[in-house]
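For reference, the structure discussed in these notes is given below.
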Amino acid sequence: MTTQQAPAIQVHGLEKAYKDLRVLRGVDFEVARGSIFALLGSNGAGKTTAVKILSTLLKPDAGTARVNGFDVATQAADVRESISLTGQFAAVDEILSGRENLVLVARLRHLRNPGRIADDLLARFSLTDAGGRKVATYSGGMRRRLDIAMSLIGDPPVIFLDEPTTGLDPQARIEVWQAVKELAANGTTVLLTTQYLDEAEQLADRIAILHEGRILVNGTLDELKRLLPPAKVEYVEKQPTLEDVFLSLVGTKA
């Protein structure tokens with residue numbers, strides 16, 4: 001199987017403990033290339049620990065993991081060149097403008113034409129009009145979109161988003177959801193951790209539920225729904241959802 005045919009992420013028997021606290025207890029999953037995979041779980045389930053291992057920030061106690069064909073333990077440098085990690089809080093410089101943040105990262109990566117790279121990403125994430133403004137003036141959703149844009153500099157094939165909408169208001173969350181969908185549409189593999197059920201439902205091609213360090217189920221949304229008995233069908237007049245009302249009033253743009 002070639003690198004392009006193999007899953008973008010392969011995890012087998014992953015374990016991690018901190019003294020007597022077993023955070024991961026034999027985790028297994030695979031992520032297909034160009035897909036969105038949601039690792040869904042409550043706080044303390046082990047989501048962030050798994051992401052830290054996959055991004056080479058932590059070493060596992062047992063098990064193996066490969067990202068873009070590279071072993072996280074023995075080929076850490078190759079893994080780092082293949083990924084980008086966006087944490088729970090936006091890592092942007094508020095003193096600089098949005099464009100300056102992007103240009104800075106492109107220069108640090110020694111890429112050609114950092115200005116063009118910045119302008120292309122500003123356009124892609126609907127931030128062109130705000131590109132010259134200081135990030136301190138940005139809304140939460142705009143900061144998060146800029147943060148994700150920064151993580152795409154260098155075109156990494158795999159991106160980890162660790163609870164990307166934590167603390168965001170409803171409109172900002174929807175903005176970030178659209179940005180994540182566009183990542184996968186452009187061929188980027190996304191591993192998303194979240195504690196929000198609706199977020200996993202909206203975004204993921206496959207969902208794994210992580211609980212107390214173990215994967216309880218792993219499948220598509222339809223496959224997970226089939227685990228429960230079918231609901232009784234009754235005629236109910238459909239009323240607008242809160243999301244419908246919210247979007248009709250405020251729209252979808254920041």
Exercise. In the list T64, T74, which residue meets the criterion of being among the hydroxyl-bearing types (S, T, Y) and outside any strand (DSSP E or B)?
Worked result: T74
For this session: Tally the residues that are within 22 Å of the chain's Cα centre (by Cα) and part of a loop (DSSP other than H, G, I, E, B), restricting the search to segment 128-152.
Result: 3
Problem set entry | Yes/no for Q202 being touching a residue at least 40 places away in the same chain (Cβ under 8 Å), more than 30 Å from D61 (Cβ to Cβ) and out of contact with any Leu (no Cβ under 7 Å at 6 or more places or on another chain) | no
For this session: Name, by its number, the condition in (1) in contact with a Pro (Cβ under 6 Å, 6 or more places away or on another chain); (2) within 28 Å of G213 (Cβ to Cβ) that does not hold for R107.
Result: (2)
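Yes or no: E81 of a type in the set (D, E, K, R) and in a loop (DSSP other than H, G, I, E, B)? Outline the logic, then answer.
Numbers: of a type in the set (D, E, K, R): yes; in a loop (DSSP other than H, G, I, E, B): no.
No; evaluated as a whole, the condition is false for this residue.
Per-residue answers, yes or no, for (1) touching an Asp or Glu at 6+ places or on another chain (Cβ under 6 Å); (2) surrounded by fewer than 19 Cβ atoms within 10 Å (Cβ to Cβ):
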{"site": "V105", "(1), (2)": "no, no"}
{"site": "H110", "(1), (2)": "no, yes"}
{"site": "I117", "(1), (2)": "no, no"}
{"site": "A130", "(1), (2)": "no, no"}
{"site": "R133", "(1), (2)": "no, yes"}
{"site": "A136", "(1), (2)": "yes, yes"}
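Yes/no matrix, rows are residues, columns are (1) in contact (Cβ under 8 Å) with a residue 12 or more places away in the chain; (2) within 22 Å of Q88 (Cβ to Cβ); (3) not in a loop (DSSP other than H, G, I, E, B):
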| residue | (1), (2), (3) |
| --- | --- |
| P7 | yes, no, no |
| V11 | yes, yes, yes |
| R25 | yes, no, yes |
| S42 | yes, yes, no |
| V51 | yes, yes, yes |
For this session: For segment 87-103, indicate whether the set of residues that are closer than 26 Å to Y196 by Cβ and either of a type in the set (F, W, Y) or without any contact (Cβ under 8 Å) to a residue 24 or more places away in the chain (or both) is non-empty.
Result: yes
For this session: Could you grab me the full set of residues in segment 205-234 that are out of contact with any Leu (no Cβ under 9 Å at 6 or more places or on another chain) and among the basic types (K, R)?
Result: K225, R226, K232
For this session: Assess whether G140 counts as being surrounded by fewer than 21 Cβ atoms within 10 Å (Cβ to Cβ), modelled with pLDDT of 90 or more and in contact with a helix residue (DSSP H, G or I) (Cβ under 7 Å, 6 or more places away or on another chain).
Result: no
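Do we have A123 as touching a Phe, Trp or Tyr at 6+ places or on another chain (Cβ under 7 Å) and more than 23 Å from R33 (Cβ to Cβ) here?
Values: touching a Phe, Trp or Tyr at 6+ places or on another chain (Cβ under 7 Å): no; more than 23 Å from R33 (Cβ to Cβ): yes.
No; evaluated as a whole, the condition is false for this residue.
The values are calculated or read from the model by the stated rules, or taken from the named source; none is laboratory data. What you are looking at is a predicted structure, and each value in this text was computed from that prediction instead of being measured. FYI the Cβ positions are ideal-geometry reconstructions off the backbone, even for glycines, and counts take in every protein chain you see.
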